[in-house]
Amino acid sequence: MAKKLFIKTYGCQMNVYDSARMADVLAPLGYGPTNDPTEADMVVLNTCHIREKASEKTFSEIGRLRVEQARRQAEGADMIIAVAGCVAQAEGEEIMRRVPEIDIVLGPQTYHRLPEMVARATRARDQRRGAKFIRKHKGAGVLDTDFPAESKFDHLPDETGSQGISAFLAIQEGCDKFCTFCVVPYTRGAEFSRPVAQIVAEAKRLAAGGARELTLLGQNVNAYHGEGPDGGTWNLARLCHHLAEKVPQITRLRYTTSHPRDMDDDLIAAHRDLPSLMPFLHLPVQSGSDRILAEMNRQHTADHYRRLIDKLKAARPDIALSSDFIIGFPGETDADFKATLQLIEDVTFAQSFSFNYSPRPGTPAAVMAAQVPQDVMNARLQEVQALLEKQLIDFNRATLGKTVPVLLERRGRDEGQLVGKSPYLQAVHVDAPDHLIGTVADVEITDLGHYTLGGILAAKAAASHPAAGNVAELQPERAIA
Ligand code: SAH
Ligand code: SF4
Ligand code: F3S
């Protein structure tokens, strides 16, 4: 009988992608996916270290799993527990020390070695069972938090399952930027780009599995500098053009997360020249104060960011922006915070993520003297979130009555309803037949929910108001499936 694998994922899209790839690596060992941890023969926790709260979840989740593991062992079954991801990388030895029953701890760059780790962990378990001291045995787990010389991508099997209509593809890993607040350069290692040919091959397989939207992933995705088929070094703009040409089934291309410093002219021009590149960009700025940006080691100013946005809007007038903000970075004064609010007013964002600064062990900012008091941070966070929320609602409201192209992805909750995404990642509900799943349909937006939009197929809208004449119709040439 097939063994069951449960993977729980925290953190960013890179972790979502990695979780899918870990499942691919474990499939040849006989592990198939389950959504129920209580019946799992193996559980992988794919963890995130970015803020303290994210990190803390690891230990509470391990606690819960230990209970399950003990229950299964009492019933004569077993459960291998593996802790992967960024907490594993940063605190691997501490995890092993605190919870010796954990079988495997592995970092984000070694999961191609999972089969070997599982074999070692299983051997250790069998020996323990033979010696009849299953639970008392300490420290027999496998720890692999290397940054290996080989690229894991050269050793991964092909994807075992389809990711559906909207797929992730990691093209770049790691970070060399060392923002003073951030753990990523330590948990993911140095910047590294996959070769173009490998990316195209994976994109083709994803498209064959039904993908129509591809989000290219990397911690600094626009720092991409991979080996091209001509032996030269290609940037992200060139890769996007190449993917559009070689994998035409992909109707929508996106990339995340970008750094303002790597937003080069080629990439801005690609937003003008490549219709499949969606007019929506997540470009984190973190702060609007030049002093704080310098302390964060972001290596650009607030005006540099404003100029970038101007250039992007000149290239692609309908582009919308999203960003991340850190509130209460050490030394942030009221004036610095006001500068952040001002930047938000100037740029206007369709969507944003804002967080209180969280001191991370081993990062330079964690030991800066002027930590901002919690109550000040909380008050500022509330103020910034109110402004960002207002901008989000205004952005959604502006779509009311407009016709937008929606990539239909799956059935909705109601009978006869499909759910898809606008170019701006807004969820859109629409009554439409199943055979339209995987196609881009024009939808007239008629309803505004808080985070979702509702609409009717533009073809239907035109039919029900014949006087409207040339309202855009459902365009069959854009239908792929
Ligand atoms: N590479 C991306 C961000 C990756 S981390 C970039 O350079 O923008 C995702 C987000 O987490 C960051 O944009 C930042 O806003 C937030 N973040 C990172 N470290 C943090 C910390 N110590 N405290 C609070 N938020 C943090
Ligand atoms: Fe972290 Fe900065 Fe690297 Fe982004 S660019 S991953 S925020 S160090
Ligand atoms: Fe978290 Fe690691 Fe991603 S720290 S945000 S899972 S790169």
Check: Could you say whether any residue in the stretch 374-384 is over 25 Å from the mean Cα position of the chain (by Cα), among the β-branched types (Val, Ile, Thr) and closer than 30 Å to GLU213 by Cβ?
Finding: no
Notebook entry, point to check: From the list ALA223, ALA190, which one is modelled with pLDDT of 95 or more and touching a His at 6+ places or on another chain (Cβ under 7 Å)?
Noted result: ALA223
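For (1) surrounded by 21 or more Cβ atoms within 10 Å (Cβ to Cβ); (2) among the aliphatic types (A, V, I, L, M); (3) not in a loop (DSSP other than H, G, I, E, B), each residue gets a yes or a no:
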residue	(1), (2), (3)
LEU206	yes, yes, yes
GLN219	yes, no, no
PRO229	no, no, no
ARG238	no, no, yes
HIS242	no, no, yes
ARG254	yes, no, yes
ARG261	no, no, yes
LEU267	yes, yes, yes
ARG272	no, no, yes
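Would you confirm, using the coordinates I've provided, whether GLU202 is farther than 27 Å from LYS53 by Cβ, more than 16 Å from ligand 2 (Cβ to nearest atom), of a type in the set (Asp, Glu) and in contact with a strand residue (DSSP E or B) (Cβ under 8 Å, 6 or more places away or on another chain)? Before the answer, list the steps.
Values: farther than 27 Å from LYS53 by Cβ: yes; more than 16 Å from ligand 2 (Cβ to nearest atom): yes; of a type in the set (Asp, Glu): yes; in contact with a strand residue (DSSP E or B) (Cβ under 8 Å, 6 or more places away or on another chain): yes.
The answer is yes for GLU202.
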Next item on the list: Considering only the stretch 34-57, state which residues are in contact with a strand residue (DSSP E or B) (Cβ under 7 Å, 6 or more places away or on another chain), surrounded by 14 or more Cβ atoms within 10 Å (Cβ to Cβ) and free of Cβ contacts under 8 Å to residues at least 40 places away in the same chain.
Entry: THR34, PRO37, ALA40, ASP41, VAL43, ASN46
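Out of all the residues in the stretch 80-92, is one or more away from ligand 3 (no atom under 16 Å from the Cβ), outside any strand (DSSP E or B) and not β-branched (Val, Ile, Thr)? Steps first, answer last, please.
Of all residues in the stretch 80-92, those away from ligand 3 (no atom under 16 Å from the Cβ) come to 80-81.
Narrowing further to those that are outside any strand (DSSP E or B): none.
No: zero hits.
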Notebook entry, point to check: Within the stretch 293-329, can you find the residues that are in a loop (DSSP other than H, G, I, E, B) and among the hydrophobic types (A, V, I, L, M, F, W, C)?
Noted result: MET296, ILE319, PHE329
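Filter the stretch 144-162 for residues that are open to solvent by 70 Å² or more (accessible area, probe 1.4 Å) and among the polar types (S, T, N, Q) and give the result. Talk me through it step by step, then tell me what you get.
Filtering the stretch 144-162 for residues open to solvent by 70 Å² or more (accessible area, probe 1.4 Å) gives 146-147, 149, 154-155, 158, 160, 162.
Result: THR160, SER162.
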Check: Restricting attention to the stretch 138-182, and to residues there that are polar (S, T, N, Q) and in contact (Cβ under 8 Å) with a residue 60 or more places away in the chain, which single residue is nearest to ligand 2 (Cβ to nearest atom)?
Finding: THR180
Next item on the list: Please enumerate the residues belonging to the stretch 283-301 that are in contact (Cβ under 8 Å) with a residue 12 or more places away in the chain and either buried (at least 21 other Cβ atoms within 10 Å of the Cβ) or among the charged types (D, E, K, R) (or both).
Entry: LEU283, VAL285, GLN286, SER287, GLY288, SER289, ASP290, ARG291, ILE292, GLU295, MET296, ARG298
Notebook entry, point to check: Counting only residues that are of a type in the set (A, V, I, L, M) and in a loop (DSSP other than H, G, I, E, B), which one in the stretch 162-192 is nearest to ligand 3 (Cβ to nearest atom)?
Noted result: VAL183
Item checked: Condition check for ASP126: open to solvent by 60 Å² or more (accessible area, probe 1.4 Å), touching a Ser or Thr at 6+ places or on another chain (Cβ under 7 Å) and farther than 14 Å from LYS8 by Cβ -> no
Next item on the list: May I ask you to list the residues in the stretch 169-204 that are of a type in the set (Phe, Trp, Tyr) and within 14 Å of ligand 1 (Cβ to nearest atom)?
Entry: PHE178, PHE181, TYR186
Check: With respect to the numbered conditions (1) within 16 Å of ligand 1 (Cβ to nearest atom); (2) out of contact with any His (no Cβ under 9 Å at 6 or more places or on another chain), which one is the sole condition not fulfilled by THR251?
Finding: (1)
Check: Somewhere in the stretch 183-197, is a residue open to solvent by less than 10 Å² (accessible area, probe 1.4 Å), in contact with a Lys or Arg (Cβ under 7 Å, 6 or more places away or on another chain) and either closer than 16 Å to MET22 by Cβ or in contact (Cβ under 8 Å) with a residue 12 or more places away in the chain (or both)?
Finding: yes
Next item on the list: Could you grab me the full set of residues in the stretch 323-339 that are surrounded by fewer than 21 Cβ atoms within 10 Å (Cβ to Cβ) and either within 16 Å of ligand 2 (Cβ to nearest atom) or among the polar types (S, T, N, Q) (or both)?
Entry: ASP324, PRO330, THR333
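The values are calculated or read from the model by the stated rules, or taken from the named source; none is laboratory data. Computed from a prediction, not measured in an experiment: that's the story for all the values here. All Cβ positions, glycine included, derive from the backbone under ideal geometry; neighbour counts span all protein chains shown. Protein only, heavy atoms only, side chains kept; ligands, DNA and RNA dropped before computing areas. Shrake-Rupley method; radii C 1.70, N 1.55, O 1.52, S 1.80 Å.
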